[in-house]
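Here's the structure, in structure tokens; my notes come after.
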Amino acid sequence: MTAARTWTGPSAPERLSLLRATRSVAIVGASNNPSRASYFVATYLLSSSPYEVYFVNPRATEILGRPVYPSLAALPVVPDLVDVFRRHDDLPTVLEETVAVGAKALWLQLGSWHEEVARDGEEAGLRVVMDRCLKIEHARFHGGLHLAGFDTGVISSRRSLG
């Protein structure tokens, strides 16, 4: 049995504000495997967002033709937002690293929920989002989300007059 969720995450307007304030994203647990969620999110962010995207994975050297860093501390910049694709038990360590490098936000992907990490992150001054997909949220707020989760290119249901 799972424990009840007591932490309340940011509202939709607060998440939109966070995304608008973000300039750089570090994907912790990034994978070069196209079937992994982190790969899908990475391809979306690189092609459809204004963010500088950095990959963190100590076991990879290159993803999508970009360098991969072994840790957040090894990044050439301080990321605004740390998007996490790691196991539940790894989340406290990722939080410590996020705080240590001076990032502003910690984003735990769909299915990832850790109330202690959320509370500790907020106490450390981080904006925290849990159990949400950064790609879906960005697309939802920026007109790129279709029922299937992809940008269809259709802006209106009306036919053009020309």
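A few points about this structure:
- Against the criterion of being under 18 Å from Gln109 (Cβ atoms) and open to solvent by 20 Å² or more (accessible area, probe 1.4 Å), Arg5 qualifies.
- Any hit, the range 25-35, residues being crowded, with 16+ Cβ neighbours inside 10 Å, among the polar types (S, T, N, Q) and either at pLDDT below 95 or in contact with a strand residue (DSSP E or B) (Cβ under 8 Å, 6 or more places away or on another chain) (or both): yes
- Verdict on Ala103 being closer than 19 Å to Gly9 by Cα and open to solvent by less than 70 Å² (accessible area, probe 1.4 Å): yes
- Filtered residues of the range 106-120 (kept if over 17 Å from Val53 (Cα atoms) and buried (at least 22 other Cβ atoms within 10 Å of the Cβ)): His114, Val117, Ala118
- Looking only at the range 121-143, residues that are part of a loop (DSSP other than H, G, I, E, B), open to solvent by 40 Å² or more (accessible area, probe 1.4 Å) and over 15 Å from Ser11 (Cα atoms) come to 4 in all.
- Considering residues of the range 18-58 that are of a type in the set (D, E, K, R) and either in contact with a Ser or Thr (Cβ under 8 Å, 6 or more places away or on another chain) or assigned to a helix (DSSP H, G or I) (or both) only, the residue nearest to Tyr69 (Cα to Cα): Glu52
- Checked against the criteria, Ala60 counts as open to solvent by less than 30 Å² (accessible area, probe 1.4 Å), farther than 18 Å from Ala139 by Cβ and among the small types (Gly, Ala, Ser).
- Any hit, the range 90-107, residues being more than 15 Å from the chain's Cα centre (by Cα) and within 16 Å of Ala42 (Cβ to Cβ): no
- Residues satisfying the stated conditions in the range 72-104, i.e. over 25 Å from Leu16 (Cα atoms) and outside any helix (DSSP H, G or I): Leu75, Pro76, Arg87
The values are calculated or read from the model by the stated rules, or taken from the named source; none is laboratory data. In this text, all values refer to a predicted model and were calculated from it rather than measured experimentally. Cβ sites come from the backbone with ideal geometry, for glycine too, and all protein chains shown count toward neighbours. Please note that ligands, DNA and RNA were not included when accessible areas were found on the heavy atoms of the full protein model with its side chains. Shrake-Rupley method; radii C 1.70, N 1.55, O 1.52, S 1.80 Å.
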